[in-house]
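Below is one structure, written out as structure tokens, with a few remarks after it.
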Amino acid sequence: MFMEHLSKTDPQMAQLVIQETERQRDKVRLIPSENYVSAAVLEASGSVLTNKYSEGYAGKRYYEGQQYVDEIERLAIQRAKELFGSESANVQPYSGSPANLAAYYAFCRPGDTIMGLALDHGGHLTHGWGVSITGDFFNAVRYQLHPETHLIDYDMVRQMARQHRPKVIMAGATAYPRLIDFAVFAEVAREVGAVLVVDMAHIAGLVAGGAHPSPVPHADVVTTTTHKSLRGPRGGMILMKKVHAKAINKAVFPGLQGGPHNHTTAGIAVALKEAATDEFKAYAHKIVENAKHLAACLNERGFALVSGGTDNHLVLVDVSKKGITGKPFAKAMDRAGLEANYNTVPFDPRPPMDPSGVRLGTPAVTSRGMGKPEMEKIATWMDRVAKSVDNEAELDKISGEVKEMCRTFPAPGISI
Ligand SMILES: *Cc1c(COP(=O)(O)O)cnc(C)c1O
């Protein structure tokens, strides 16, 4: 029986976990930062490794009993280095945000200048946004997208870097549908003597599978989450040039964290092994193919897309042209079994709590084996939702159709 032990000890919690499992099974999950990990990753990250303390690094721990944990961490590091072709790796960051904080902490003191993409232009909170510690403890300056093309304004990046001389330049995004030119960032960083940190959290799986150019040859440091397109457990990772390894390792532990989450490290190692296969390479390319097709189908149905389309796993839709706003549309989509999130669009005249856009991504649906015909269905459903945001009967009808389609695409790691 599924959740046998939990059902006995804590039936209330077991019930909630089962309900969430069914929800993930029965819905089309389009949040671009989410995915389905394999059963193997679930087993590793749900293991007794959660019982073990291991502050320090392999061979230099502060607790005994590290015979196997050292091997696990070394294996994860080795696989990360091989998969991404990096000189060094740290697999201990608890998640993407702590990984970024460690990168700043390695090179900056409070009040130093950092530079990143503005949140309302697709950057992450931790790229120096005001409400984040990264905007509060550092002097954060923010570049933007070009007002017409909605691509990163590389001229602005160069001009601002020359003017502000940041210690760290952060490249990478959380809501940007196009390729990022890491070579330009590297050139600018070199010119002004900044450390280039690329945050590839969203696109790590695409990079691993060769479906997006790699930042590793260009950046001093690359931070990432492990649970988005890379399809591992929730966690973080830092890849760096050898010259920066000491500073980064020191910033992660003892700078920022205590004991690493060994069960997560094991899950990451498994995910990295999976990501090195030809099957994953095909998966990464299929994510992009699906996103491009979803974008084209939405375009045909009158949805306006930021930058006109996509090069990666993500589509940013401006729904204001349909006479609706992001929040009610995302809520109506959810009722219809299509899970997304409302999102600002570049130069959005609307407030962040009800912006003009929704953000869609294809990593999770592609993990279920969905392809072009399903992307077309999703676009058609979204078009129907847009016409019936307040029509609960219609939304429930769509939800039934979505569930029916999901039945034929079993989700990895879900066995009920
Ligand atoms: C998701 C994300 C993060 C933060 O990761 P958490 O694991 O949520 O802390 C950082 N940077 C980018 C670009 C992201 O997309």
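The values are calculated or read from the model by the stated rules, or taken from the named source; none is laboratory data. Computed from a prediction, not measured in an experiment: that's the story for all the values here. Note that we place each Cβ from the backbone using ideal geometry, even for glycine, and neighbour counts take in every protein chain shown. Ligands, DNA and RNA are stripped out before the accessible areas are found, and what is left, the full protein with its side chains, is counted by its heavy atoms. Shrake-Rupley method; radii C 1.70, N 1.55, O 1.52, S 1.80 Å.
From Leu145, Leu206, which residue is open to solvent by less than 60 Å² (accessible area, probe 1.4 Å) and within 23 Å of Leu230 (Cβ to Cβ)? Unique residue meeting the criteria: Leu206. Within the range 223-249, being open to solvent by 20 Å² or more (accessible area, probe 1.4 Å) and under 12 Å from Pro93 (Cα atoms) holds for Arg234, Asn249. When the residues of the range 197-229 are filtered to those that are assigned to a loop (DSSP other than H, G, I, E, B) and among the β-branched types (Val, Ile, Thr), which remaining residue is farthest from the ligand (Cβ to nearest atom)? Checking each candidate, the answer is Val216. The single condition from (1) surrounded by fewer than 17 Cβ atoms within 10 Å (Cβ to Cβ); (2) part of a helix (DSSP H, G or I) that Gly65 fails is (2).
Sub-6 Å Cβ pairs linking a first residue in the range 242-264 that is in the same structural domain as Asn51 (by TED's automatic domain parsing) to a second residue that is open to solvent by 80 Å² or more (accessible area, probe 1.4 Å), at least 6 apart or interchain, are Lys242/Glu87; Ala251/Tyr105; Gly255/Tyr105; Gly259/Tyr53; His263/Thr50, ordered by first then second residue. Scanning the range 18-48 for residues that are open to solvent by less than 60 Å² (accessible area, probe 1.4 Å) and in a helix (DSSP H, G or I) returns Ile18, Thr21, Gln24, Asp26, Ala39, Ala40, Val41, Ala44, Ser45. In the condition set (1) touching a residue at least 40 places away in the same chain (Cβ under 8 Å); (2) more than 16 Å from the ligand (Cβ to nearest atom); (3) more than 20 Å from Met240 (Cα to Cα); (4) open to solvent by 10 Å² or more (accessible area, probe 1.4 Å), Ala194 is compliant with all but (3). Within the range 350-397, the residues that satisfy the criterion of being polar (S, T, N, Q) and touching a residue at least 24 places away in the same chain (Cβ under 8 Å) are Ser356, Thr362, Thr366, Ser367, Thr380, Ser388.
Pairs meeting the criteria (first residue in the range 314-343 and within 17 Å of His202 (Cβ to Cβ), second residue of a type in the set (Phe, Trp, Tyr) and not in a helix (DSSP H, G or I), beta carbons under 6 Å, at least 6 apart or on different chains) are Val317/Phe303. For the range 177-191, residues that are within 15 Å of the ligand (Cβ to nearest atom), touching a helix residue (DSSP H, G or I) at 6+ places or on another chain (Cβ under 9 Å) and of a type outside the set (Phe, Trp, Tyr) total 2. Of the residues that make up the range 240-258, is at least one charged (D, E, K, R) and touching a Gly at 6+ places or on another chain (Cβ under 9 Å)? Scanning the range 240-258 turns up no residue that is charged (D, E, K, R) and touching a Gly at 6+ places or on another chain (Cβ under 9 Å). All told, Gln15 falls short of being open to solvent by less than 60 Å² (accessible area, probe 1.4 Å), part of a helix (DSSP H, G or I) and closer than 30 Å to Ala332 by Cβ.
Is it the case that the range 275-287 has a residue that's of a type outside the set (Val, Ile, Thr), open to solvent by 30 Å² or more (accessible area, probe 1.4 Å), closer than 24 Å to Ser399 by Cα and outside the structural domain of Ile77 (by TED's automatic domain parsing)? Looking through the range 275-287, none of the residues is of a type outside the set (Val, Ile, Thr), open to solvent by 30 Å² or more (accessible area, probe 1.4 Å), closer than 24 Å to Ser399 by Cα and outside the structural domain of Ile77 (by TED's automatic domain parsing).
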